[in-house]
Structures are given as C-alpha cells and as structure tokens.
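Below is one structure; the comments refer to it alone.
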Amino acid sequence: MRRLLVTGGAGFIGANFVHYWLDRHPGDRLVVVDALTYAGNLRSLDSVAERDEFRFVHGDIRDQELIESLLADEGLDTIVHFAAESHVDRSISGPDAFFDINVLGTHSLLKAARTVWLADGAPVAHRFHHVSTDEVYGDLSPDDPAFTETTPYAPNSPYAASKAAADHAVRAYWKTYGLQMTISNCSNNYGPFHYPEKLIPLAIVNLLHGKQIPIYGDGSNVRDWLYVADHCRGIERILERGRVGRTYNIGGECEKTNLELIHELCRLTDEIFEEDTTLKLRFVEAWPSRGDSCRDAVTFVTNRLGHDRRYAIDIARARSELEFAPKVDFEEGLRRTIRWYLDNMEWWKSVMDGSYRNWIDEQYGSR
Ligand code: NAD
Ligand code: DAU
C-alpha cells in the first residue's frame, strides 16, 4: 500500500495518472496538490473526487510549509512530481515562470521531502519520482541514434533548460542527502485531458471548429509519440521495479514528422465522421460537416524559434529492467483521442472560453 502525493495532478498527464493509479491500486491513498494554473483543470478529476482514497489540495509546490505538512500529516511515502510549466512556445515568449516553477518549485519540493523523510535519526522509507522530458537531451539529426540515458544533456529551449536543471537538482539530493529518487525522461504524450495548445489537441479542436491547423516551418520536424496511459504504466513500473538513483527513458518507438502525424489525424477524423453521421449535426462547423476533407485545414506558418528537429528515444533500459513496452499503437491511440474530444466538448469548450477559469476564481479566488 502506497500513500502518494501527486503534484500537478489536475494537468494532462497528472490527471491521467490519477485515474490510472486509482483504477489499479484501489485502497492506496492519493493526494493531489495543484496550483490550478491555466493548464490545470479540476474537471479532469471529477470522476474520482468523491472517492475516500482521494484528496485534492489547491496549493503550490513552492509552498514548502504546505508540502511538509501534507507529507507529515497524511503519512505520505511517495511523491510523483508532474507539476510544471510545460509548453515550449510559452517558454520562448515568457521564460521566467519556467525557471521559477520548474527549477525553484522542484527545489522547494526536494527541501520539503528532505525535511520530512530524511530527518536526523529517523529516515522514513520513501520514493521521490521526478517526471521529466526527452527534450533535456537536445535534438537529433535524421541519422543519429536515439537518446539513451547516458546521452549528454543539451537543452535548447528555456522549457528544456528548466527541466534539465530540475533533473540535476533531484540527482544531487540523492547523491548528497540520500533522497530515494528516480527520474523518467519521456517523449511526446497524447490522449484525453490534453490542454488544446499542444499540437494534437489543438489540431482536433481546430478541425471541429472549422479552423486551420498551423504547422510550424515545413512540417518535417520529428517527434516520438506515446499514448498517455502507456506513460502512466511506465511510471508505475519505475515505482515498483526501478532502481533508486536511476533514470529511465520512456517512449513510444513511434517517430513521425509533424506532417505525417497531422495527415494521419485528418484521415482518421474524416473516417470517424463517415462512420458516425450524427457528428455532422453536433459539429456543424467541422471540416467534414461542410463537405471538406480535414487535410484541407493544414496551413504552414512561421517556424518556432530554435525548433528542435528530431527526438527519438531508446527504451532498451526500460524494456530490460522494467519489462516496459508501449501497448497502444499510434492509430488506436489517435482514434481514442479524437473520440474523447468528440465526446467531451464541454471539457474543452469550458477550458477555452474562460468559464472554467471564472468558476475556479469563484471557488478559490483569482490567482
Ligand atoms: P500540464 O501543463 O498539462 O500540467 C501541469 C500541471 O501542473 C497543471 O495542472 C498546473 O496547474 C500544475 N502546476 C503548475 N505550476 C504549479 C505549481 N507551482 N504548483 C502546483 N501545481 C502547478 O503538463 P503535462 O503535459 O501534464 O506535463 C506534466 C509533466 O510531465 C511536466 O513536468 C512535463 O515537463 C512532463 N512531460 C510532459 C510531456 C508531454 O508530452 N506533455 C512529455 C514528457 C514529460
Ligand atoms: O518531448 C516531450 C515534450 O513534448 C514535453 O516535454 C512537452 O511538455 C510537450 O509540450 C511536448 O513538447 P513539443 O514542443 O514537442 O510539443 P507541441 O505539441 O508543442 O509540438 C509538437 C510539434 O508540433 C513540435 O515540433 C512543434 C509543432 N507544432 C506545435 C504547435 C503547438 C506545430 O507545428 N504547430 C503548432 O501549432
């Protein structure tokens, strides 16, 4: 039985992790702490809100006192740390929050964990799992081998640099103070509850609104895609079988150029609208409802500054030490994702039109 603190549990991957964990580990205590920034959405946790094992705390990882009291009062033994500013484009236009939250916020969390778990003379059994990204390794040329856990760090965006700094801080707390930590560096996730500013949810929502899909540059940049539930399973494996002090790369072994990805998404969306004729009545502005192919929505726009050309992840260590392999193939994962956005219009509309923000401000005061 574990007692977990999940930071950033109202965000995309954090919320998926909460559902994943409570489904598979009923009886474990799970406390979410989340500051509910624009990317955090309490509605993503609606279906678990009333469960006895679950508690939501509106709070900030930089509030060391709050985190210490949660760890101590709840007797928590595991931190799964997702909370972060996570969007590369936002880090380019406004890097401050990224260093503040991702670096200083992680350090604050480390200090709280050290205070409660490594108190003089009374160390408590614990695990600090830090969720990081493949972007810390920089980028690859088309023929380079995939990133391994020993690839030197070479982050290119302020976001990636802030995550790299946090990774180093976590490692230093292990080496110096003996904090029982693990780190995962994962590739691009997709699936339900994804805020519609990242490529896949943005493309789906734009298709349904009859808007264009902006592709940066010529669309030849390559990403490795992983269905989010597979990432959650990877983290579960690390908590259960991972070696303390070790880093694990988690990825989908699914490299696609952005253009390939969007063409596949468009093909599947057209197909789903063909299969389910009620959709044309529910989404009257959508490209297929107007008799157009979704592919017509693609438009090329100015490239992202410092745009990493290619990411690819070697998951050999996770395969051999954790018996991890991605289960959901790309077409199936995309189909599930498109279907989720079709079935959850209220979720994404409320996030985008500000009514969710107003509701949060009423509940918790504006931030
Ligand atoms: P997200 O932006 O969807 O969610 C981040 C969550 O953190 C939000 O709920 C937000 O409210 C919360 N948060 C932000 N600042 C906080 C603070 N100061 N205190 C408490 N909560 C705060 O992010 P995501 O895509 O779910 O990513 C989660 C983690 O996984 C991040 O650390 C990210 O770097 C990492 N990651 C993401 C991907 C991906 O493809 N999305 C891939 C690899 C790693
Ligand atoms: O690799 C893991 C990382 O994946 C995570 O650490 C980040 O938190 C997550 O946001 C993601 O970063 P990316 O920058 O790869 O994701 P994004 O969805 O923003 O972009 C994916 C690719 O699509 C990238 O090459 C940029 C491009 N893109 C993105 C947007 C938003 C477009 O062409 N048009 C767009 O409008």
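The values are calculated or read from the model by the stated rules, or taken from the named source; none is laboratory data. Because the structure is a prediction, the values reported are computed rather than measured. Here the Cβ is made from the backbone with ideal geometry for all residues, glycine too, and neighbour counts use every protein chain on show. For the accessible areas, the whole protein counts, side chains as well, though only heavy atoms, and no ligand, DNA or RNA atoms are used. Shrake-Rupley method; radii C 1.70, N 1.55, O 1.52, S 1.80 Å.
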Can you find a residue in region 50-64 that is away from ligand 2 (no atom under 16 Å from the Cβ), in a helix (DSSP H, G or I) and either modelled with pLDDT of 95 or more or small (Gly, Ala, Ser) (or both)? yes
The condition of being touching a residue at least 12 places away in the same chain (Cβ under 8 Å), surrounded by fewer than 18 Cβ atoms within 10 Å (Cβ to Cβ), more than 30 Å from residue 241 (Cβ to Cβ) and acidic (Asp, Glu) holds, among 274, 362, 321, 331, only for 274
In region 192-231, how many residues are within 23 Å of residue 344 (Cβ to Cβ), among the charged types (D, E, K, R) and either near ligand 2 (Cβ under 8 Å from one of its atoms) or in contact with a Ser or Thr (Cβ under 8 Å, 6 or more places away or on another chain) (or both)? 2
Residues of region 62-85 being more than 15 Å from residue 104 (Cα to Cα), among the polar types (S, T, N, Q) and open to solvent by 10 Å² or more (accessible area, probe 1.4 Å), in sequence order, are 69
Anything in region 150-178 that is of a type in the set (D, E, K, R) and more than 15 Å from ligand 1 (Cβ to nearest atom)? List them, or say none. 171, 175
Out of the residues in region 197-223 meeting the condition of being buried (at least 18 other Cβ atoms within 10 Å of the Cβ) and within 22 Å of residue 131 (Cβ to Cβ), tell me which one is nearest to the chain's Cα centre (by Cα). 198
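Looking at 90, 29, which is the one that is open to solvent by 20 Å² or more (accessible area, probe 1.4 Å) and away from ligand 2 (no atom under 16 Å from the Cβ)?
None of the other options fit; the residue is 29.
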Those residues of region 179-196 which are open to solvent by 30 Å² or more (accessible area, probe 1.4 Å) and either away from ligand 1 (no atom under 12 Å from the Cβ) or within 22 Å of residue 139 (Cα to Cα) (or both) amount to 180, 188
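Within region 343-355, is there a residue that is open to solvent by 70 Å² or more (accessible area, probe 1.4 Å) and among the aliphatic types (A, V, I, L, M)?
Of region 343-355, the ones open to solvent by 70 Å² or more (accessible area, probe 1.4 Å) are 343, 346, 349, 352-353.
Now narrow it down to the ones that are among the aliphatic types (A, V, I, L, M): 352.
Checked against the condition, which is being open to solvent by 70 Å² or more (accessible area, probe 1.4 Å) and among the aliphatic types (A, V, I, L, M), region 343-355 yields at least one hit.
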Is there a residue being more than 16 Å from ligand 1 (Cβ to nearest atom), touching a Ser or Thr at 6+ places or on another chain (Cβ under 6 Å) and over 20 Å from residue 341 (Cα atoms) anywhere in region 250-267? yes
